[in-house]
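*Asks:* Sending over a structure as structure tokens; questions will come in a sec.
The values are calculated or read from the model by the stated rules, or taken from the named source; none is laboratory data. Keep in mind that what you see is a predicted model, and the values were worked out from it rather than measured. Note that we place each Cβ from the backbone using ideal geometry, even for glycine, and neighbour counts take in every protein chain shown. Keep in mind that these areas ignore ligands, DNA and RNA; they rest on the heavy atoms of the full protein, side chains included. Shrake-Rupley method; radii C 1.70, N 1.55, O 1.52, S 1.80 Å.
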Amino acid sequence: MKINFPITITAADTNKRTISGTIVSWNEAGNTSAGKTIFSKDSIDFSKPVKLLLEHDKTRPLGKLIDITANDQGLEGTFKLAKTFAADDALEEAATGLRDGFSVGVMVDAWDNKDGAMVISKSSLQEVSLVSDPAIASAKVESVVATNTPENSEATAEDQTTQEDKVSDITSDAPIATEAVEAAKSEPVVVVAAQSVAYTKPRSPINSKATYLEHSVRAALGSEESRQYVMAADTTGTVAGLIPTPQSTEIINGLSNADRGLIDALSRGTLPAAGMTFEIPKITAVPTTALEAEAAAIDTTDMTSSFVSVDVKKFAGGQTFSVELLDRSSPAFFDELVRQMEFAYAKTTDSYVASVLGSSCSLLTATADNTAAGLLAYVSGAAASVYSGSLGFARNLIVNSTQWGNIMGYNDSGRPIYNASQPQNAGGNVVPTSLRGNVAGLDLYVSRSLDGYTTGDQSMIVVNPDAFTWYESPRLTLRSDITATGQVSVAYYGYGALAVKLAGGGVWFNKN
């Protein structure tokens, strides 16, 4: 269990680039996100290296702990700051009292609940942060050492050596230190074993519509502090006008999805890395053998081949929208846009495959009715035709939405056939809650790409999936900013190719 607890800086040295002060005070109560919290004497283990952070942000380190001492009152620590702009600001803020508090984070290993207070008896120091408002008044900066003396001077080098030696002297047998958190404004919470506790949100200066607008603008310009203030106001504010109209993360979409029934029913291949066409070798004549008379000449038939040329097609879509919509929308506009463009891509590619199969495969010679008997007649005839035309077995049946409904309605004196639960009528498995099923021994796929056809011709197709292969590249997105208008242009595209290896491997339904 991790808990943050505030302490105060007592010294900062900008020449040696050090900040010193009380890290924690023993047996002094403070209000944290866990409620009232007290650290017993020697209750924190500080044997591991510790970094100094800014406001508990792990992505904003300022320096590291170089010296720590435990006494009867608490823990005293000294931190060496890095040569960064952020560290320069931290030294100035500590020296002028603008940000002169320490707040430490600990992992709590043992504690008791005494009179509603969390009394920590064992914990380990995880990090220390420089904060503007500690919860414990006695935790303050005591010394800021920050002159302009070059750090590569002999005195500085000696000081650094001494400080580094002090760090190496810290062992696990040293007195235990505590960790502090920022002042908590929330109501105290009941702490239970193994319950994760985090420090509370910083005190927010937002108390009116004007200050809310001000920090919203600052957050848009990159201020991390303002972003946190706006987030706190959006979720916990009580001042009128601070809480915007809530938006659910749920998206309502009845216009598109990622279903690709036709493509799913075919075999798949890897699209070559280059070129807008590629070729697949195809045998056009095979060797033969014959019954020959003794000593007769052997007739020969040479094997020949040609190539199936496959065209690579580009499928693409674009959108242009304002940068405000990208940056300030909730839910995230860009994520949803890419998802919707993926749905559109799925619909377009599946429809393309339908058009190619429609022009390359033939109708079954025999006609049939839209009845259970007609379906069986079609499936049996098409399966035989597919084997004859491709020397491969028909394995999949692809239907449009209307035929899907017809099949679910086929019955024997009122008893359903293709969604039956009893063996007497179980001719397959087709249900309203699934676009996949089984009909007369074939795997069923439902494709909306066939909805443009009538319930007769080309509303169903039986295929040998090995006779048709869909090749596809990864989908790509391109984004460009239009500076003059403050807009963002996004393109979503990919490449695909359908190889009709054996046109006889697919046979369409032919209605009476």
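*Asks:* Give, rounded to the nearest 20 debye, the magnitude of the charge dipole that segment 364-512 has about its Cα centre when Lys and Arg contribute +1 at Cβ and Asp and Glu contribute -1 at Cβ.
*Replies:* The dipole magnitude comes to about 140 debye.
*Asks:* Using 0.36 nm per residue, how much length does the chain from Ser256 to Asp451 gain when fully extended, once their Cα-Cα distance is taken away?
*Replies:* Working it through step by step, the gained length comes to 68.8 nm.
*Asks:* For Phe102, list long-range residues whose amide hydrogen, built 1.01 Å from N in the peptide plane, is under 5 Å from its own amide hydrogen.
*Replies:* The answer is Ile7, Thr8, Ile9, Val131.
*Asks:* With r defined as the distance between the Cβ atoms of Lys313 and Asn113 and R0 fixed at 56 Å, what FRET efficiency is calculated, to the nearest 0.05?
*Replies:* Computed FRET efficiency for Lys313 and Asn113 comes out at 0.25.
*Asks:* Which FRET efficiency, nearest 0.05, do Leu325 and Ala503 yield, Cβ-Cβ r, R0 51 Å?
*Replies:* Once the sixth-power term is evaluated, E becomes 0.60.
*Asks:* From the phi of every residue in segment 102-112, what ³J(HN,Hα) in whole Hz does the Karplus formula 6.51 cos²θ - 1.76 cosθ + 1.60 yield, where θ is phi - 60° and glycine or proline is x?
*Replies:* 9, 9, 10, x, 10, 9, 7, 9, 8, 7, 10
*Asks:* Arg60 versus Ser355, label points 7 Å from Cα toward the beta carbon: distance in nm?
*Replies:* 5.5 nm
*Asks:* Next up: For the peptides 431-443, 488-500, what is the packing order when you average, over each peptide's residues, the other Cβ atoms within 10 Å and list the highest mean first?
*Replies:* With the highest mean Cβ count within 10 Å placed first, the list reads 488-500, 431-443.
*Asks:* Run the 1.4 Å probe and let me know the accessible area of Asp369, rounded to the nearest 10 Å².
*Replies:* Accessible area of Asp369: about 80 Å².
*Asks:* Now a separate question. Once you put a point 7 Å from the Cα of Lys282 and another 7 Å from the Cα of Ala484, both along the Cβ direction, what distance in nm separates them?
*Replies:* Distance between the two pseudo-spin positions: 5.0 nm.
*Asks:* Here's a follow-up. Quick one: Cα centre-to-centre distance for segment 64-136 and segment 281-326, in angstrom?
*Replies:* Their Cα centres are 72 Å away from one another.
*Asks:* Also, quick follow-up: Tabulate in residue order the Karplus-calculated ³J(HN,Hα) for segment 377-393, using 6.51 cos²θ - 1.76 cosθ + 1.60 with θ = phi - 60°, rounded to whole Hz; enter x for Gly and Pro.
*Replies:* With coefficients 6.51, -1.76 and 1.60, one gets 5, 5, 4, 5, x, 5, 4, 5, 5, 5, 5, 5, x, 9, 6, x, 8 Hz.
*Asks:* So, one more: Subtracting the Cα-Cα distance from 0.36 nm times the residue separation, let me have the gained length for Lys122 to Thr300 in nm, one decimal.
*Replies:* 54.9 nm
*Asks:* Would you mind calculating the gained length between Thr96 and Lys83 on full extension (0.36 nm times residue separation, minus the Cα-Cα distance), in nm to one decimal?
*Replies:* 2.8 nm
*Asks:* What Rg and what Dmax come out for segment 257-307 when only alpha-carbon atoms are used, in angstroms?
*Replies:* When restricted to Cα atoms, segment 257-307 yields Rg and Dmax of 20.9, 69 Å.
*Asks:* Taking N as the number of residues in segment 470-512, what is its Cα Rg relative to 2.2 N^0.38 Å?
*Replies:* Relative to the rule-of-thumb radius for its length, segment 470-512 sits at 2.20.
*Asks:* Show me 460-472, 344-356, 299-311, 263-275 ranked by packing, highest mean number of other Cβ atoms within 10 Å first.
*Replies:* 460-472, 344-356, 263-275, 299-311
*Asks:* Quick one: if you stick a label point 7 Å off each Cα along the C-beta vector at Val431 and Arg475, how many nm between them?
*Replies:* Placing both labels 7 Å along Cα→Cβ, they lie 2.8 nm apart.
*Asks:* Counting only residues 5 or more places away or on other chains, whose amide H sits under 5 Å from the amide H of Arg60 once H atoms are built in the peptide plane?
*Replies:* Long-range HN contacts for Arg60: Leu54.
*Asks:* Here is a follow-up. Using a 1.4 Å probe, how large is the accessible area of Thr367, given in Å² and rounded to the nearest 10?
*Replies:* About 70 Å², rounded to the nearest 10.
*Asks:* Between Ile66 and residues 5 or more places away or on another chain, which pairs have amide H atoms under 5 Å apart, with H built 1.01 Å from N, and which residues are they?
*Replies:* Hits under the 5 Å cutoff: Thr78, Phe79, Lys80.
*Asks:* Taking a ≥ b ≥ c as the square roots of the Cα gyration tensor eigenvalues, with a/c under 1.5 meaning rounded and otherwise prolate when a/b beats b/c, else oblate, which class fits segment 257-410?
*Replies:* Since a/c reaches 1.5 but b/c is at least a/b, the shape of segment 257-410 is classed as oblate.
*Asks:* Right, next: How much accessible surface area, in Å² rounded to 10, belongs to the heavy atoms of Ile206 with a 1.4 Å probe?
*Replies:* Surface open to solvent at Ile206 totals about 20 Å².
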